[in-house]
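> Structure incoming, see below.
The values are calculated or read from the model by the stated rules, or taken from the named source; none is laboratory data. The structure presented is a predicted model; accordingly, all values stated were derived computationally and were not measured. Note that we place each Cβ from the backbone using ideal geometry, even for glycine, and neighbour counts take in every protein chain shown.
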RNA sequence: GGGCGGAUAGUUCAACGGUAGAACGCUUGCCUUACACGCAAGAAGUUAGAGGUUCGAAUCCUCUUUCGCCCA
């Protein structure tokens, strides 16, 4: 077998993925005998291309999925696609327009045909792209929010809510996007601070002479004013309350009313009230029974207004109205003003609050259910800082406007009788009106908010409302992973839907991760040109490198991730390192059969015991981190362990035996390398599945594939702190000798004599025992115990031991002395700190025993080192 | 206006109550029969600032500065 020196993901990833998929390794079957682990994938938009946010989201999910698969759980990763109402409709609309076809001329049915054919053509691109990342989802179960069965679930939910009185149709003020030409919900409005003007307008009092001055940012809405409001406690205006003003330009007589929502500090303290075009004013209007006069239509043009303003855009109307009012001297002044303006989240257009008849989902009961699920611990939110945000949102929630004036989506199952106006809500179109018997019935033309359907995702994908075996086995799901940006849009709504329809939580844990930003922490955006395409990154560094980068940058706190090329390079190098370490092991396994080895009869060297202890500790911590959902720390720890301990020390030390003639020692080393590598590959596999599976395929005497292999068991008996300390001492001795050579600029291969002296019997016997190893690895010719300091030797102090490296030439004694003085200073500083602690009665009383023990041991070691250092400084001529 | 998060080595990030770590970059020496996407050795930090709690604080509390998010 010849493996290349450099790992090339391009030669591996596609092949491996194909093999996994073809062999059905991602598939899950109902298996009541086994514990299950279920993740439903947040469905990406059907219009979508894989972006870096998906890459992070999918990577995290796939890590948990793969771990649980290795742990032997029946693991379902259920993928899906969202129809994404507005987004998809506008993409197809634009596409048609580019061919000169207008949506409205085409008609609803033909248009929907076009969208479907577009969906068939492009809708699965993101699925294919996510496969490049290694996503191990059960693709057979792919769901789409407009699948027949899913549509049925959505209609079922709508009808049930309606029957329970939670859904109602009402004329209320809503957020209207004049560009998307639809109502949107409160959370789809984004507010930005904008520089604007505050206009002070004079409204003449009915009884003549006097004016009342109102301040407004939107003078064009004055044509729809039906009152002027002041705060009831505002002394300035008390005398006016109950009187009337004559609305300029339209000469309407409107009352001056007192309402507590008026802020006396805003403007003049008096505000104009336009119930049809302001959310706050609508509320005031309701309280005071004001007339609602609509003066702006659904494309943001003026209606129901005097001829000269009719059909103007709101901005044109604003200018003309100010001009006209000025002529009459009714504009008191205009100030610069900054305020926040609502924009459509999708298209950025300024939102027009309009009064319109829409379907609303009543939030009171559902919000309560959503809160209860988290309060009771049925749903756990990680990190828990989001719990407060979640409650806060639910506490202040308003009824959810769920109807959208679109064609693409779930058409609202409400039918209206053209003759008597009766409303029937049902999955099927009624034959005739149940009230008057008329057959002139038409269906509501609107569709539902996309989020209304995705709120049902965890159970509708499993067959609800049918009581399918899937629903029985896989629900509730185990874990939901998504970005914190859709906590309200999606997570909260899924929670209440699950609690309401299933009476059980949709998922036991929801893990919210951060957003991916550029290396400077800026949001990725087209205008900044800092968008990175994950597919390019995969092309350049490999999917494993991208996955490992994203995983290792994740934090338990769900912080945003700043992605940089440097980090990707580091991950790519790490993967190459693993590749080469494995290649090394495999190269040395050619004449080896693990079946010939009895593990409990092996003669273990100190480095074996050390490494087995380290390895088992890491298997343990790996599992612990994952139980705590700390993927990032788990990945980072693994990196340090594999590179810093396995590669740098264990493999290096194993060479001494692999290249020796001692057959039994060689076989021991081979066996342990074989065994360790298998464990390491298993631990790494969830993060970097491709390279690990590829390497695993070359490993002799293991059951393949890795994706289905059992996770390594912790072998407690190997965990041994004492051994670790001893080995560490030897490593320090090795480093000491290397350091001396390096400081002199000598290549490591320069052969020199070394010797040592030790105050400690333990240290002395350890060195005696491991002498050959140390000599070989540091390339020194000798390492004998000496009572007397050799001539011309540089020294290195490790605990109570001094290692001398003898030199064939003179060197700078002063420099050597300074090195020790510097070291003494730091030892002294630390020792003083520890000693003062150990002399402090309240420390001894209050600190934990472990900490005190550790301090005491450290103090002893430092004392020893200090003594040795003092000797050397004295010997080199004193301070 | 209310809330949340960040500020730690030149850079990107860890550590979340017991001696501040890694990666990249930098310096020096090495193509040592796994790897130059590498090896070895090094330099580099009053943990934004000021108070407080504690035997002990980067870590907990308060305030300030600053950057960023969310909600109204």
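> With the condition kept exactly as written, say whether any residue in region A:378-388 is closer than 30 Å to residue A:178 by Cβ and free of Cβ contacts under 8 Å to residues at least 40 places away in the same chain.
Scanning region A:378-388, I find no residue that is closer than 30 Å to residue A:178 by Cβ and free of Cβ contacts under 8 Å to residues at least 40 places away in the same chain, so the answer is no.
> Quick check on my filter: what residues within region A:549-570 are without any contact (Cβ under 8 Å) to a residue 40 or more places away in the chain and more than 8 Å from RNA strand B (Cβ to nearest atom)?
If the condition is that a residue be without any contact (Cβ under 8 Å) to a residue 40 or more places away in the chain and more than 8 Å from RNA strand B (Cβ to nearest atom), then A:549, A:568 are the ones that fit.
> Would you say residue A:825 is over 17 Å from residue A:870 (Cβ atoms), more than 45 Å from the chain's Cα centre (by Cα), in a helix (DSSP H, G or I) and more than 10 Å from RNA strand B (Cβ to nearest atom)?
no
> For region A:386-393, indicate whether the set of residues that are crowded, with 20+ Cβ neighbours inside 10 Å, within 30 Å of the chain's Cα centre (by Cα), closer than 30 Å to residue A:267 by Cβ and at pLDDT below 90 is non-empty.
The answer is no, given that none of the residues of region A:386-393 is crowded, with 20+ Cβ neighbours inside 10 Å, within 30 Å of the chain's Cα centre (by Cα), closer than 30 Å to residue A:267 by Cβ and at pLDDT below 90.
> Residue A:386 - would you say it is within 16 Å of RNA strand B (Cβ to nearest atom) and either under 30 Å from residue A:114 (Cα atoms) or touching a helix residue (DSSP H, G or I) at 6+ places or on another chain (Cβ under 9 Å) (or both)?
Against the criterion (within 16 Å of RNA strand B (Cβ to nearest atom) and either under 30 Å from residue A:114 (Cα atoms) or touching a helix residue (DSSP H, G or I) at 6+ places or on another chain (Cβ under 9 Å) (or both)), residue A:386 qualifies.
> Within region A:18-25, does at least one residue satisfy the condition of being in contact (Cβ under 8 Å) with a residue 60 or more places away in the chain, out of contact with any helix residue (DSSP H, G or I) (no Cβ under 6 Å at 6 or more places or on another chain) and under 28 Å from residue A:491 (Cα atoms)?
Checked against the condition, which is being in contact (Cβ under 8 Å) with a residue 60 or more places away in the chain, out of contact with any helix residue (DSSP H, G or I) (no Cβ under 6 Å at 6 or more places or on another chain) and under 28 Å from residue A:491 (Cα atoms), region A:18-25 yields no hits at all.
> Looking at (1) crowded, with 17+ Cβ neighbours inside 10 Å; (2) under 30 Å from residue A:358 (Cα atoms); (3) in the same structural domain as residue A:328 (by TED's automatic domain parsing), which is the only condition residue A:267 fails?
(2)
> Let me ask something additional. For region A:412-490, list the strands (runs of 3 or more DSSP E) that sit wholly inside it and hold at least 2 residues that are closer than 15 Å to residue A:162 by Cβ and in contact (Cβ under 8 Å) with a residue 24 or more places away in the chain; which are they?
So the answer is A:414-417, A:423-425.
> Those residues that are in contact with a strand residue (DSSP E or B) (Cβ under 8 Å, 6 or more places away or on another chain) and over 16 Å from residue A:202 (Cα atoms), I need them from region A:317-341; list them, please.
Residues of region A:317-341 that are in contact with a strand residue (DSSP E or B) (Cβ under 8 Å, 6 or more places away or on another chain), as a first pass: A:317, A:322, A:325, A:329-341.
If the condition is that a residue be in contact with a strand residue (DSSP E or B) (Cβ under 8 Å, 6 or more places away or on another chain) and over 16 Å from residue A:202 (Cα atoms), then A:317, A:336, A:337, A:338, A:339, A:340, A:341 are the ones that fit.
Residue-wise test of (1) closer than 22 Å to residue A:672 by Cβ; (2) modelled with pLDDT of 95 or more; (3) surrounded by fewer than 20 Cβ atoms within 10 Å (Cβ to Cβ).
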residue	(1), (2), (3)
A:607	yes, no, no
A:614	yes, no, no
A:617	yes, no, yes
A:622	yes, no, no
A:627	no, no, yes
A:630	no, no, yes
A:634	no, no, no
A:637	yes, no, yes
A:643	yes, no, yes
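> Could you go through region A:341-357 and let me know if any residue there is more than 16 Å from RNA strand B (Cβ to nearest atom), free of Cβ contacts under 8 Å to residues at least 24 places away in the same chain and on the phi < 0 side of the Ramachandran plot.
No - not one qualifying residue is present in region A:341-357.
> Ok, one more. Output the number of residues of region A:31-74 satisfying the condition of being touching a helix residue (DSSP H, G or I) at 6+ places or on another chain (Cβ under 8 Å) and in a strand (DSSP E or B).
Summing the residues that are touching a helix residue (DSSP H, G or I) at 6+ places or on another chain (Cβ under 8 Å) and in a strand (DSSP E or B) in region A:31-74 gives 6.
> Can residue A:729 be described as within 16 Å of RNA strand B (Cβ to nearest atom), closer than 30 Å to residue A:859 by Cβ and not in a strand (DSSP E or B)?
Spelling it out, residue A:729 is indeed within 16 Å of RNA strand B (Cβ to nearest atom), closer than 30 Å to residue A:859 by Cβ and not in a strand (DSSP E or B).
The rows are residues; the columns are (1) surrounded by fewer than 21 Cβ atoms within 10 Å (Cβ to Cβ); (2) more than 22 Å from residue A:51 (Cα to Cα).
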site	(1), (2)
A:486	yes, no
A:494	no, yes
A:502	yes, yes
A:508	yes, yes
A:516	no, no
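> Scan region A:638-665 residue by residue and report those that are away from RNA strand B (no atom under 14 Å from the Cβ) and either assigned to a helix (DSSP H, G or I) or touching a strand residue (DSSP E or B) at 6+ places or on another chain (Cβ under 6 Å) (or both).
A:663, A:664, A:665
> Would a scan of region A:432-440 turn up a residue that is farther than 28 Å from residue A:79 by Cβ, buried (at least 17 other Cβ atoms within 10 Å of the Cβ) and within 16 Å of RNA strand B (Cβ to nearest atom)?
No: region A:432-440 contains no residue that is farther than 28 Å from residue A:79 by Cβ, buried (at least 17 other Cβ atoms within 10 Å of the Cβ) and within 16 Å of RNA strand B (Cβ to nearest atom).
> Going by what's in this entry, would residue A:607 be described as touching a helix residue (DSSP H, G or I) at 6+ places or on another chain (Cβ under 9 Å), more than 10 Å from RNA strand B (Cβ to nearest atom) and either part of a helix (DSSP H, G or I) or closer than 21 Å to residue A:721 by Cα (or both)?
Yes: the conditions hold for residue A:607.
> Also, quick follow-up: Being in a strand (DSSP E or B) and at negative phi: is that true of residue A:245 here?
Here the answer is yes, as residue A:245 does meet what is asked.
> With a cut-off of at least 1 residues that are within 24 Å of residue A:859 (Cβ to Cβ) and touching a residue at least 40 places away in the same chain (Cβ under 8 Å), name the strands (runs of 3 or more DSSP E) lying wholly within region A:739-806.
In region A:739-806, the matching strands (runs of 3 or more DSSP E) lie at A:752-758, A:793-798, A:801-806.
> Any residue that is under 19 Å from residue A:480 (Cβ atoms) and not in a helix (DSSP H, G or I) - is there at least one of those in region A:363-377?
There is at least one residue in region A:363-377 that is under 19 Å from residue A:480 (Cβ atoms) and not in a helix (DSSP H, G or I).
> What about residue A:860, is it loosely packed, with under 14 Cβ neighbours inside 10 Å and within 14 Å of RNA strand B (Cβ to nearest atom)?
Details: loosely packed, with under 14 Cβ neighbours inside 10 Å: yes; within 14 Å of RNA strand B (Cβ to nearest atom): yes.
For residue A:860, the condition - loosely packed, with under 14 Cβ neighbours inside 10 Å and within 14 Å of RNA strand B (Cβ to nearest atom) - is met.
> Here is a follow-up. Cβ-Cβ distance below 7 Å, separation of 6 or more or different chains: which pairs start in region A:700-711 with a residue that is without any contact (Cβ under 8 Å) to a residue 24 or more places away in the chain and end on one that is surrounded by fewer than 17 Cβ atoms within 10 Å (Cβ to Cβ)?
A:704/A:697
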